[in-house]
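Notes follow once the structure below has been shown.
FYI, it's all coordinate maths here, none of it is from the lab. Treat the numbers as computed from the prediction; the structure is a model and nothing was measured. Ideal geometry is used to build each Cβ from the backbone, glycine not excepted, and the neighbour counts take in all protein chains shown.
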Amino acid sequence: MKFFHSIKKININGMKTLNAILIVIITGLIVHFASATTPNPGHPWTEVGDGTFAISGPTALRTYTVPDVDATLLTTNTAVTAAQGGTGQSSYTAGDLLYASGATALSKLATGSATQVLHGGATPSWSALSLTDDVTGILSVVNGGTGTDALTANNVLLGNGTGAPLFVAPGTSGNLLQSNGSTWTSVAQPSLATIVTRSYTATGAATARATNSLTDRNTGLFTVPESITVNKLSFNVVAVTTAGTMKACIYSEDGSTKVVDVTSGTVTVGTNTVTVSPAVTLTPGNYYITTGCATTCNNTVSTFTSTSIAMITGTPPSGERAYEGTSTHTSGTCNSTLGTITGSVTRTPIVRLDN
């Protein structure tokens, strides 16, 4: 038993001795590293940092990467470059515009004047307003404008070189523009005092046409070369069997508008004149004249002798009106529209229109 007790004491003492030796070795290593001028694994402290590195209170473990001492840091005093997400500029003038110029510093462009606009490109620049810009001022004549910001209603513009145009007032309704060689003026249209309803194919000779229907109207196309204000019209009766009264009406060329509608007194042989009241102005153009009985009548009335031409007085082109013939109306009246004309030669009444 003493033998085994001695062995146990030797083992315990050996362990104490081993622990002491390990403590001495570890302490020596700590002293070695702490006092070494070149720490293991051989990098100088200056390559690790500037000796100041403080982090306070992380709530969890973090991994921090400390850059090489030669790395470029955003905390230096130099301007942050475009490659680092900066502008490369360290100062600005009020109103400067910045524009990209590759990976180098952003370029600066001073603001333009109030009359300039910014034009793009590789190098943006300021320049004067052009026709392609949003011009808020008055566009001059040389730039295709009028040079004026107000136009009087219904005025006519007259050229004036490169200056703003001149104006001519419209004048009285129905007036025409007349040139005197240097400018234009508003003048009244030329007017006629009298005209006769001669048809297009009239030979100039007159013939007698029986007029005895309350519905059928002798009808013919005539032209008005200049304006005429009609306040009376006249027709000639060659013979009277049953006097009665007669209708005389004038329609527009397309037959859609009745412009004159008068009824005569009891007809007599010779000239029969009817007052048109109110007076009606016929402007230049073509019109149809039509006459017939307003009340029961049987008279022989003068008409123009016409040349028979199918396309005018016979069968007109498809969809077109005959120049001359008869039209049918409600008994004793002139309808509001002329209606269909049945082509027939020598049907245009000789009617004189006077002012």
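By the gyration tensor of its Cα atoms, with a ≥ b ≥ c the square roots of the eigenvalues, what is the shape of the range 213-259: rounded for a/c under 1.5, prolate for a/b over b/c, or oblate? Walk me through the numbers before you get to the answer.
On the way: a/c = 2.41, a/b = 1.61, b/c = 1.50.
Prolate.
Want the number for Thr342 to Ser277: 0.36 nm per residue separation, take away the alpha-carbon distance, what's left? Walk me through the numbers on the way to the answer.
Working: separation 65, 0.36 × 65 = 23.40 nm, distance 3.04 nm.
Between Thr342 and Ser277, full extension yields 20.4 nm more.
Could you calculate the contour length gain from Ser186 to Ala100, that is, 0.36 nm times the residue separation minus the distance between their Cα atoms, to one decimal place in nm?
On the way: separation 86, 0.36 × 86 = 30.96 nm, distance 6.20 nm.
Between Ser186 and Ala100, full extension yields 24.8 nm more.
Evaluate E = 1/(1 + (r/R0)^6) for Thr78 and Thr162, where r is the Cβ-Cβ distance and R0 equals 45 Å; express this FRET efficiency to the nearest 0.05. Write out the running numbers ahead of the final one.
On the way: r = 57 Å, r/R0 = 1.27.
Efficiency at R0 = 45 Å is approximately 0.20.
Roughly how many nanometres apart are two label points built 7 Å out from the Cα toward the Cβ at Ser140 and Leu118?
Roughly 2.7 nm, to one decimal.
Applying a 10 Å radius around every beta-carbon, put 269-276, 346-353 in order of their mean neighbour count, most first. Spell out each step's value before the answer.
Values: 269-276: 14.0, 346-353: 24.1.
My ranking of the peptides, most packed first, is 346-353, 269-276.
At 7 Å along Cα-to-Cβ for each site, give me the label-to-label distance between Leu151 and Lys232 in nm.
4.7
Just check the range 194-354 against the gyration tensor rule for me: Cα atoms, a ≥ b ≥ c as the square roots of the eigenvalues, rounded for a/c under 1.5, and otherwise prolate or oblate depending on whether a/b exceeds b/c. Please report the intermediate quantities before stating the final value.
Values: a/c = 1.37, a/b = 1.16, b/c = 1.18.
Rounded shape, in that the Cα axes give a/c under 1.5.
Given the peptides 258-264, 154-160, arrange them by the average over their residues of other C-beta atoms within 10 Å, most packed first.
Numbers: 258-264: 17.6, 154-160: 12.0.
Taking the mean over residues of other Cβ atoms within 10 Å, the ranking is 258-264, 154-160.
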